[in-house]
Amino acid sequence: MFSTGQLVFALCFIVGFVAVMIFVYRKDLALHKKYYKGSYRILIAFLLFIAALFVVKFLTKDKV
């Protein structure tokens with residue numbers, strides 16, 4: 001499916017990308033704390049909404 005070179009490239013890319021993202025996030029951590037205070041509430045509300053959609057889908061599914 002994938003050659004060895006492609007797999008090695010993908011692994012190197014993922015490791016490098018994650019490393020850069022961690023570095024950039026730590027660099028901007030002070031700004032995140034200042035400007036995005038309380039944003040976790042929005043995330044929780046969004047996840048609860050998605051969970052509610054799944055519950056509604058499960059409850060209204062036709063039972064054969």
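The values are calculated or read from the model by the stated rules, or taken from the named source; none is laboratory data. It should be emphasised that the depicted structure is a prediction, and the values quoted were computed from it without experimental measurement. To get the accessible areas, we keep the full protein, side chains included, count just its heavy atoms, and leave off ligands, DNA and RNA. Shrake-Rupley method; radii C 1.70, N 1.55, O 1.52, S 1.80 Å.
Before moving on, here are some points about what is shown:
- From F2, F54, F58, F9, residue being more than 17 Å from the chain's Cα centre (by Cα) and not in a helix (DSSP H, G or I): F2
- L47 modelled with pLDDT under 90 and either open to solvent by 100 Å² or more (accessible area, probe 1.4 Å) or not in a loop (DSSP other than H, G, I, E, B) (or both): no
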